[in-house]
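The next block holds one structure in the form of structure tokens; read it before the comments.
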Amino acid sequence: MNKAITDGIVFAPLPFAAGLGVWSSGDGTPGSDTYAVSGTGAFVSADQDFAGCLEVQKTATVTKVRYMGETPLLSGCYLRVRAKVKAVAGPLPSVRVAGWPALANGSKVNGLQETGPSVQLTTYGEVVEIDAIIGTGNRAGVDMVWGGAAYGHFGIDLTGPSGGLVRVDDIVIEDVTSVFVRDMISLVDVRDFGAIGDGSTDDSAAFEAADAAANGRTILVSEGVFRLANDVTLESKVQFEGTVTQPANKRFIMQKEYNYESYLNAFGDETIAFKKAFQALLNFADHESLDLGGRRITLDEPLDMQSADPSRTSYATRRAIRNGQFQASDSSGWNATVVTSQGTYSTANPTRLSNVINIANVKVGSLVEGAGVGREVYVSGVNVGGKIAYLSAPLYDAAGTQNFTFRRFKYLLDFSGFQSLSQFVLDDIEFQGNGYASGVMLAPSGLTFHVRDCFFTKPKDRGLTSIGTGCQGMMIDRCQFNSNETALTVQARKSIALNTNANDVKVRDNRIMMFRHFAVMGGSTTVMTGNHWFQGDTQQDGVRTGGLVLTSPNPSSTISCNYIDNNFIEWTNEHSAEPALGNQFSFGGMTVAGNIFFASNVAASFKFIVIKPYGPNHFIHGLTVSGNVFRSINGFIDRVEKVDTTFADLDYGRIRTVDFSGNTFHGVSNEVFNPAYLTHNQVSTASTWTADTDPYLPFRGRARYVDSVVVDGDLRNSSNGQEYIAPTAVGGQGSGNRSVNFKWGKPVKGRVRYIVRMDNPL
């Protein structure tokens with residue numbers, strides 16, 4: 001910022017010793033009188049204070065000394081004109097810097113300030129320095145604002161009483177633009193307010209002082225490491241050349257241009273920058289979201305989100321993190337922590353394990369494994385003093401004392417340190433597990449967590465995990481879950497895309513590829529719509545698992561308009577405290593409508609809808625399966641639905657309100673309906689006809705009720721005579737109660753059409 005140095009421009013005038021012919025007693029313009037011919041000035045070669053100087057006698061009201069050279073004025077360049085003077089004899093005058101402003105064509109620019117501050121000489125022989133700053137900009141400290149001038153003739157004026165003698169040292173003109181640099185580029189350096197930047201001195205107060213003085217300008221954090229031992233809030237924009245450090249429990253809030261990039265510039269470390277930015281997000285009301293700016297943050301261990309602000313254990317104001325990527329690197333920090341410990345389970349307290357040995361080593365968020373433990377049961381809390389591990393769901397058959405395994409997976413973003421987190425949004429983020437890390441773990445409790453337009457790519461164990469009721473009202477929209485186990489057969493896979501435990505979950509318009517399970521979902525009032533989940537195994541007659549596993553027997557949920565590809569819906573009660581029907585609703589409250597079910601290369605025994613009771617006496621009460629397309633290629637399947645009787649069968653005599661209608665079947669040997677519209681052709685005369693409804697009723701249910709029967713054609717007696725009689729229909733006959741008897745008043749033969757139900761529709 002010095003034109004004399006950078007561009008070689010000469011501002012300094014010639015010294016008096018070079019000759020007085022370039023020093024004018026007028027304005028300095030060409031043709032004006034010079035001190036070389038004037039009798040009022042002379043060069044003095046030897047002076048006790050000046051090496052060589054001009055001695056001037058004041059003879060006019062304003063006696064002028066002007067350099068006749070054209071000193072250029074450049075936009076953004078500021079010049080300081082200074083001179084040392086002393087009174088020698090006679091009346092004492094005043095002295096000031098002065099100049100004559102000119103356009104490029106040599107004409108004067110009128111209306112400009114042509115003089116600087118005036119200094120009164122008071123003592124003979126005293127050396128006094130006068131100066132003034134000239135520039136094109138109207139800035140504080142500029143004495144003569146010469147906007148529009150191309151050059152000037154500079155020097156000094158003597159004013160006041162005439163007759164005195166004044167000696168003037170060589171006049172100096174220098175570029176002082178650097179003095180105005182900070183003002184010109186609107187920077188306020190924290191060092192100017194006492195910041196040290198040595199990494200140990202607390203510079204918090206200096207940062208706050210710089211912010212108070214900025215007044216719309218940008219704060220400059222110059223080179224160095226600045227320790228902020230206290231909370232710091234900056235209202236101004238900030239530019240970082242150096243970095244800052246700060247304890248985890250102190251907050252650094254940048255109100256202007258709040259984004260991840262700013263915090264990365266501040267802290268110089270991706271992980272610390274994200275934590276401090278997240279901390280600020282929770283503690284600053286003016287911003288509702290943290291924009292990662294499309295940046296990728298590489299992690300070698302889980303991000304404990306609650307540790308970013310240790311003072312908070314709950315949060316319920318809407319906040320969002322968006323637009324970036326979290327990527328796991330190959331590190332031992334992702335290794336699961338596994339603890340095996342003895343504990344006691346009682347159905348009297350169905351969501352806890354008591355007397356857990358070594359409880360201090362059992363981590364919140366651990367997956368619980370053991371005899372009688374359902375899928376996706378997690379430790380939602382730990383009471384070390386009471387030796388209690390709280391569970392996300394009841395166990396189905398674990399009463400008593402046994403050894404449990406607690407397996408703690410590691411997640412890119414881990415919110416489990418919060419007791420409660422509500423109204424939080426993850427938007428347009430890729431969670432790149434790379435087979436090393438899982439994706440996101442929710443807090444133990446909270447409402448309306450929202451994940452939208454995100455990618456969960458190659459999670460090691462889990463994509464999105466709920467360890468309690470933090471999934472209450474959760475929404476998952478337009479996300480992709482891509483497995484790390486695509487090369488494995490289905491039965492060899494272990495990873496699960498997501499799980500839920502609470503109610504009111506909406507899962508919409510997502511694509512899920514090749515996990516062991518897409519979702520293990522507890523709770524009720526779930527809406528699943530517009531999703532495509534598939535297992536994609538090409539192994540001939542290969543094993544398939546439940547893509548969607550529902551663990552509440554009465555979920556009051558809707559599964560509609562999905563593409564269910566090479567897997568099935570598995571409906572269980574494995575998260576019930578009493579697997580046998582007790583104080584609970586049985587299987588019901590479910591609508592499966594408008595879906596595409598597709599399978600290829602599967603065994604004939606494959607089924608698309610499987611109910612699996614984990615105890616006796618269960619039945620179906622309220623199930624609609626309608627408007628679906630069931631299709632199998634590269635081999636027929638025998639039917640689309642079944643009951644898995646590994647633990648128990650259904651009570652078929654109690655089934656109520658089942659609508660299984662309007663579906664399309666391709667590659668399915670036995671189509672099923674309820675009510676079923678069937679025919680029976682009796683070729684020999686009999687007074688009782690037995691019609692077998694198997695395999696047409698869903699789940700091979702009982703033929704409980706005949707809604708209607710119509711003779712199709714003629715009834716004939718043994719003499720082939722036509723009869724006009726009506727039958728009595730009796731359901732629940734034969735093997736498995738799957739037959740219907742039609743009783744006539746006499747032996748007849750013929751054909752009937754009838755409607756039969758496997759449920760009580762009332």
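The values are calculated or read from the model by the stated rules, or taken from the named source; none is laboratory data. No experiment lies behind these values; they were computed from the predicted model shown. We place every Cβ from the backbone using ideal geometry, glycine too, and count neighbours over all the protein chains shown.
Being more than 34 Å from the chain's Cα centre (by Cα) and charged (D, E, K, R) is the filter; apply it to the range 174-197 and report the residue that is modelled with the lowest pLDDT.
Going through the qualifying residues, I end up with 182.
Search the range 191-211 for residues being in a strand (DSSP E or B) and either in contact (Cβ under 8 Å) with a residue 40 or more places away in the chain or not acidic (Asp, Glu) (or both), and hand back the single one that is nearest to residue 277 (Cα to Cα). Spell out the reasoning first.
Taking the range 191-211 as the starting set, the residues that turn out to be in a strand (DSSP E or B) are 198-202.
Right, trim to either in contact (Cβ under 8 Å) with a residue 40 or more places away in the chain or not acidic (Asp, Glu) (or both) and you get 199-201.
Numbers: 199: 21, 200: 22, 201: 23 Å.
Out of the qualifying residues, it is 199.
For the range 549-564, which positions are within 14 Å of residue 608 (Cβ to Cβ) and either assigned to a loop (DSSP other than H, G, I, E, B) or not assigned by TED's automatic domain parsing to the domain that holds residue 608 (or both)?
Result: 562, single match.
Filter the range 65-90 down to residues that are assigned to a strand (DSSP E or B) and under 60 Å from the mean Cα position of the chain (by Cα) and give me whichever is modelled with the lowest pLDDT. First the steps, then the outcome.
Initial filter on the range 65-90 (assigned to a strand (DSSP E or B)): 65-67, 71-72, 78-89.
From the residues that got through so far, the ones that are under 60 Å from the mean Cα position of the chain (by Cα) too are 71-72, 78-82.
Values: 71: 94, 72: 94, 78: 91, 79: 95, 80: 96, 81: 97, 82: 96.
By that ranking, first place goes to 78.
Within the range 314-332, take every residue that is assigned to a loop (DSSP other than H, G, I, E, B) and closer than 25 Å to residue 422 by Cα and give me the one that is nearest to the chain's Cα centre (by Cα). Give the steps one after another, and end with the answer.
Step one: list which residues in the range 314-332 are assigned to a loop (DSSP other than H, G, I, E, B), which gives 316-318, 329-331.
Checking the rest, the ones that are also closer than 25 Å to residue 422 by Cα come to 316-318.
Working: 316: 16, 317: 15, 318: 12 Å.
Only one residue fits best here, namely 318.
What's the number of the only condition in (1) surrounded by 14 or more Cβ atoms within 10 Å (Cβ to Cβ); (2) closer than 27 Å to residue 562 by Cα that residue 662 fails to meet?
Residue 662 satisfies every listed condition except (1).
Among the residues that make up the range 394-411, is at least one of them within 22 Å of residue 479 (Cβ to Cβ), modelled with pLDDT of 95 or more and hydrophobic (A, V, I, L, M, F, W, C)?
Quick first cut of the range 394-411, residues within 22 Å of residue 479 (Cβ to Cβ) only: 409-411.
With the extra rule that they be modelled with pLDDT of 95 or more, the set shrinks to 409-411.
Imposing the further condition that a residue be hydrophobic (A, V, I, L, M, F, W, C) reduces the set to 409.
Taking every residue of the range 394-411 in turn, at least one turns out to be within 22 Å of residue 479 (Cβ to Cβ), modelled with pLDDT of 95 or more and hydrophobic (A, V, I, L, M, F, W, C).
Only one of 266, 248, 229, 285 is buried (at least 17 other Cβ atoms within 10 Å of the Cβ) and either assigned to a loop (DSSP other than H, G, I, E, B) or touching a strand residue (DSSP E or B) at 6+ places or on another chain (Cβ under 8 Å) (or both). Can you tell me which?
Working: 248 fails: buried (at least 17 other Cβ atoms within 10 Å of the Cβ); 229 fails: buried (at least 17 other Cβ atoms within 10 Å of the Cβ); 285 fails: buried (at least 17 other Cβ atoms within 10 Å of the Cβ).
Going through 266, 248, 229, 285 in turn, just one is buried (at least 17 other Cβ atoms within 10 Å of the Cβ) and either assigned to a loop (DSSP other than H, G, I, E, B) or touching a strand residue (DSSP E or B) at 6+ places or on another chain (Cβ under 8 Å) (or both): 266.
Return the only residue of 145, 95 being under 17 Å from residue 170 (Cβ atoms) and of a type outside the set (S, T, N, Q). Write out each step before concluding.
Working: 145 fails: under 17 Å from residue 170 (Cβ atoms).
The unique qualifying residue is 95.
When the residues of the range 351-370 are narrowed to those that are part of a strand (DSSP E or B) and not hydroxyl-bearing (Ser, Thr, Tyr), which ends up surrounded by the most Cβ atoms within 10 Å (Cβ to Cβ)? Talk me through it step by step, then tell me what you get.
Just the residues of the range 351-370 that are part of a strand (DSSP E or B), to begin with: 352-354, 367-369.
Right, trim to not hydroxyl-bearing (Ser, Thr, Tyr) and you get 352-353, 367-369.
Values: 352: 21, 353: 28, 367: 24, 368: 24, 369: 15.
Selected residue: 353.
Okay, residues lined up against (1) in contact with a helix residue (DSSP H, G or I) (Cβ under 6 Å, 6 or more places away or on another chain); (2) outside the structural domain of residue 649 (by TED's automatic domain parsing); (3) at negative phi:
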site	(1), (2), (3)
660	yes, no, yes
700	no, yes, no
707	no, yes, yes
715	no, yes, yes
727	no, yes, yes
746	no, yes, yes
749	no, yes, yes
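In the range 427-475, how many residues are farther than 21 Å from residue 306 by Cα, in a loop (DSSP other than H, G, I, E, B) and among the aliphatic types (A, V, I, L, M)?
Number of matching residues: 0.
Table: residues versus (1) part of a strand (DSSP E or B); (2) within 60 Å of the chain's Cα centre (by Cα); (3) within 30 Å of residue 606 (Cβ to Cβ).
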| site | (1), (2), (3) |
| --- | --- |
| 672 | no, yes, yes |
| 695 | no, yes, yes |
| 702 | no, yes, yes |
| 706 | yes, yes, no |
| 710 | yes, no, no |
| 713 | no, no, no |
| 732 | yes, yes, yes |
| 754 | yes, yes, no |
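Kindly establish whether residue 633 is exposed (fewer than 15 other Cβ atoms within 10 Å of the Cβ), of a type outside the set (Gly, Ala, Ser) and in the same structural domain as residue 550 (by TED's automatic domain parsing). Working first, answer last.
Details: exposed (fewer than 15 other Cβ atoms within 10 Å of the Cβ): yes; of a type outside the set (Gly, Ala, Ser): yes; in the same structural domain as residue 550 (by TED's automatic domain parsing): yes.
Against the criterion (exposed (fewer than 15 other Cβ atoms within 10 Å of the Cβ), of a type outside the set (Gly, Ala, Ser) and in the same structural domain as residue 550 (by TED's automatic domain parsing)), residue 633 qualifies.
I'd like the full set of residues that are closer than 19 Å to residue 674 by Cβ, part of a loop (DSSP other than H, G, I, E, B) and touching a residue at least 60 places away in the same chain (Cβ under 8 Å), limited to the range 614-638.
Passing the criteria: only 618.
Got at least one residue in the range 212-222 being more than 20 Å from residue 276 (Cα to Cα), buried (at least 17 other Cβ atoms within 10 Å of the Cβ), out of contact with any Asp or Glu (no Cβ under 7 Å at 6 or more places or on another chain) and hydrophobic (A, V, I, L, M, F, W, C)?
Yes, there is a match, as at least one residue in the range 212-222 is more than 20 Å from residue 276 (Cα to Cα), buried (at least 17 other Cβ atoms within 10 Å of the Cβ), out of contact with any Asp or Glu (no Cβ under 7 Å at 6 or more places or on another chain) and hydrophobic (A, V, I, L, M, F, W, C).
Pick from 111, 163: which is closer than 22 Å to residue 77 by Cβ and either in contact with an Asp or Glu (Cβ under 8 Å, 6 or more places away or on another chain) or not in a strand (DSSP E or B) (or both)?
Working: 163 fails: closer than 22 Å to residue 77 by Cβ.
Going through 111, 163 in turn, the sole match is 111.
Of the residues that sit in the range 371-389 and are surrounded by fewer than 23 Cβ atoms within 10 Å (Cβ to Cβ) and in contact (Cβ under 8 Å) with a residue 60 or more places away in the chain, which one is farthest from residue 546 (Cα to Cα)?
Out of the qualifying residues, it is 381.
Just to check your reading of the model, which residue among 447, 442 is of a type in the set (A, V, I, L, M, F, W, C) and surrounded by 20 or more Cβ atoms within 10 Å (Cβ to Cβ)? Before the answer, list the steps.
On the way: 447 fails: surrounded by 20 or more Cβ atoms within 10 Å (Cβ to Cβ).
Just one listed residue meets the conditions, 442.
Of the residues 134, 156, which is of a type in the set (A, V, I, L, M), under 23 Å from residue 19 (Cα atoms) and at pLDDT 95 or above? I'd like the intermediate steps shown before the answer.
On the way: 134 fails: under 23 Å from residue 19 (Cα atoms).
Within the list 134, 156, the selection yields 156.
Please state which of the following conditions residue 332 fails to meet, knowing it meets all the rest: (1) closer than 30 Å to residue 263 by Cα; (2) touching a residue at least 24 places away in the same chain (Cβ under 8 Å).
Only one criterion in (1) closer than 30 Å to residue 263 by Cα; (2) touching a residue at least 24 places away in the same chain (Cβ under 8 Å) is unmet by residue 332, namely (2).
Considering (1) surrounded by 13 or more Cβ atoms within 10 Å (Cβ to Cβ); (2) within 21 Å of residue 18 (Cβ to Cβ); (3) in contact (Cβ under 8 Å) with a residue 24 or more places away in the chain, say which one residue 45 fails and leave the rest.
All conditions pass for residue 45, except number (1).
Return the only residue of 574, 570 being over 22 Å from residue 630 (Cα atoms) and charged (D, E, K, R). Full working, then the answer.
Numbers: 570 fails: over 22 Å from residue 630 (Cα atoms).
Among 574, 570, only 574 is over 22 Å from residue 630 (Cα atoms) and charged (D, E, K, R).
If I filter the range 615-668 down to residues being among the aromatic types (Phe, Trp, Tyr) and in contact with an Asp or Glu (Cβ under 6 Å, 6 or more places away or on another chain), which single residue comes out as modelled with the highest pLDDT?
The first filter runs over the range 615-668 and keeps only residues among the aromatic types (Phe, Trp, Tyr), leaving 619, 630, 636, 647, 652, 660, 665.
In the following step, the residues that additionally are in contact with an Asp or Glu (Cβ under 6 Å, 6 or more places away or on another chain) were identified as 619, 665.
Numbers: 619: 94, 665: 98.
Among those residues, the one meeting the criterion is 665.
Among the numbered criteria (1) surrounded by 19 or more Cβ atoms within 10 Å (Cβ to Cβ); (2) more than 24 Å from the chain's Cα centre (by Cα); (3) free of Cβ contacts under 8 Å to residues at least 24 places away in the same chain, which one does residue 241 miss?
All conditions pass for residue 241, except number (1).
So, residue 113, is that one surrounded by fewer than 19 Cβ atoms within 10 Å (Cβ to Cβ) and either in contact (Cβ under 8 Å) with a residue 40 or more places away in the chain or more than 25 Å from residue 147 (Cβ to Cβ) (or both) or not? Steps first, please.
Values: surrounded by fewer than 19 Cβ atoms within 10 Å (Cβ to Cβ): yes; either in contact (Cβ under 8 Å) with a residue 40 or more places away in the chain or more than 25 Å from residue 147 (Cβ to Cβ) (or both): no.
No.
For the range 487-548, which strands (runs of 3 or more DSSP E) that fit wholly inside it have 2 or more residues that are in contact with a Cys (Cβ under 9 Å, 6 or more places away or on another chain) and crowded, with 23+ Cβ neighbours inside 10 Å? Step through it out loud before you land on a result.
Numbers: elements: 496-500, 506-508, 511-513, 517-521, 527-529, 532-534.
By residue number, 496-500.
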